[in-house]
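Working notes, structure below.
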Amino acid sequence: MTLVDDGLVVFSKRACPTCFMIEAVMQQAARSVPGFRVVSQDDPAFPREVSNIVDDRELDQSWLNNIEATPTLVRFSQGSEAERVVGWDREG
């Protein structure tokens, strides 16, 4: 199952200190970036004020997308992964 055909997906979890730190960035992206989606590994209500959250407490999506650390940002293009940033890099 592809999460999005074209867009950005961030894999996160509330228990991740870096994810918690960038919650406002994810909220802003949810409002302004078409195709933005959050996959939450431990709390489907995180981040707050984001409506397009995939509940991944079973880690199915994380496993299918080879996610080994959070946060991980993946850009999809035409249904396939085009680019990935692991961790938090302000420049990236």
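Is it the case that Arg57 is of a type in the set (Lys, Arg), open to solvent by 50 Å² or more (accessible area, probe 1.4 Å) and in contact (Cβ under 8 Å) with a residue 24 or more places away in the chain?
Numbers: of a type in the set (Lys, Arg): yes; open to solvent by 50 Å² or more (accessible area, probe 1.4 Å): yes; in contact (Cβ under 8 Å) with a residue 24 or more places away in the chain: no.
The answer is no for Arg57.
Identify, from the list Asp43, Asp5, the residue that is surrounded by 12 or more Cβ atoms within 10 Å (Cβ to Cβ) and of a type in the set (D, E, K, R).
Testing whether each residue is surrounded by 12 or more Cβ atoms within 10 Å (Cβ to Cβ) and of a type in the set (D, E, K, R) leaves just Asp43.
The values are calculated or read from the model by the stated rules, or taken from the named source; none is laboratory data. Quick caveat: nothing in here was measured; it's all calculated off a predicted structure. So basically every Cβ, Gly included, is an ideal-geometry build from the backbone, and we count neighbours across all protein chains shown. Ligands, DNA and RNA are excluded from the accessible area calculation, which covers all protein heavy atoms including side chains. Shrake-Rupley method; radii C 1.70, N 1.55, O 1.52, S 1.80 Å.
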